[in-house]
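The values are calculated or read from the model by the stated rules, or taken from the named source; none is laboratory data. This structure is a prediction, so every number in the text was calculated from the model and none was measured. Ideal geometry is used to build each Cβ from the backbone, glycine not excepted, and the neighbour counts take in all protein chains shown.
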Amino acid sequence: MTGEEEFFKALDKVSGRAHKPKEKTLEAQLREWVLAQGWLYIKNEGTRDFPDRLVIGPGWTAFLELKRKGYLPRAGQMRTMTELRALNQNADWSSDLEYCKEYLTDINNEQQRKARH
């Protein structure tokens with residue numbers, strides 16, 4: 001357990017509530033995992049309502065909007081993700097690292113399956 005994790009665990013005990021990791025913590029963990037897979041990780045900044053993370057793997061691209069637990073994408077962000085999906089693009093949002101890993105792994109596995117056939 002890192003010092004930060006120990007601090008927040010102690011904070012939870014004292015405050016009686018669960019700590020919600022910040023979006024930047026989720027982003028750092030996801031970025032590390034994505035790069036370990038050998039994929040590209042791009043942070044999009046300054047384009048309103050467009051998903052803020054872009055992951056590129058062999059033969060595929062995924063647009064991800066990361067949110068702090070308990071928060072939802074804005075209406076414009078949801079609209080943009082719907083538009084991306086209508087163009088047959090991979091686009092989703094999450095506040096959960098494990099979901100993001102599973103989502104990206106599924107996309108990669110599907111692309112590899114298609115490439116073999």
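Considering segment 84-117, the residues that are over 17 Å from GLY59 (Cα atoms) and surrounded by fewer than 13 Cβ atoms within 10 Å (Cβ to Cβ) include one that is farthest from the chain's Cα centre (by Cα), namely ALA86. Whenever a residue of segment 85-106 is free of Cβ contacts under 8 Å to residues at least 60 places away in the same chain, its partners that are buried (at least 19 other Cβ atoms within 10 Å of the Cβ) and part of a strand (DSSP E or B), lying with C-beta atoms within less than 6 angstrom and at least six residues away or across chains, give the pairs ARG85/ALA91; ASN90/ALA62; ALA91/PHE63; TRP93/GLU65. Among the numbered conditions (1) of a type outside the set (Lys, Arg); (2) more than 12 Å from the chain's Cα centre (by Cα); (3) surrounded by 13 or more Cβ atoms within 10 Å (Cβ to Cβ); (4) at pLDDT below 95, the only one that GLY3 does not meet is (3). Summed over segment 78-102, residues that are in contact with a Phe, Trp or Tyr (Cβ under 9 Å, 6 or more places away or on another chain) and either basic (Lys, Arg) or farther than 16 Å from LEU26 by Cβ (or both) total 8.
Has segment 53-64 got at least one residue that is at pLDDT 95 or above, over 17 Å from the mean Cα position of the chain (by Cα), outside any helix (DSSP H, G or I) and of a type outside the set (Asp, Glu)? Give the derivation first.
Residues of segment 53-64 at pLDDT 95 or above: 53-64.
Among the residues that remain, those that are also over 17 Å from the mean Cα position of the chain (by Cα) are: 58-59.
From what is left, the residues that are outside any helix (DSSP H, G or I) are 58-59.
Subset that is of a type outside the set (Asp, Glu): 58-59.
Looking through segment 53-64, at least one residue is at pLDDT 95 or above, over 17 Å from the mean Cα position of the chain (by Cα), outside any helix (DSSP H, G or I) and of a type outside the set (Asp, Glu).
The set of residues in segment 72-117 being among the charged types (D, E, K, R) and in contact with a strand residue (DSSP E or B) (Cβ under 6 Å, 6 or more places away or on another chain) consists of ARG85 alone. For segment 88-117, residues that are touching a helix residue (DSSP H, G or I) at 6+ places or on another chain (Cβ under 7 Å), more than 18 Å from LEU72 (Cα to Cα) and not in a helix (DSSP H, G or I) total 1.
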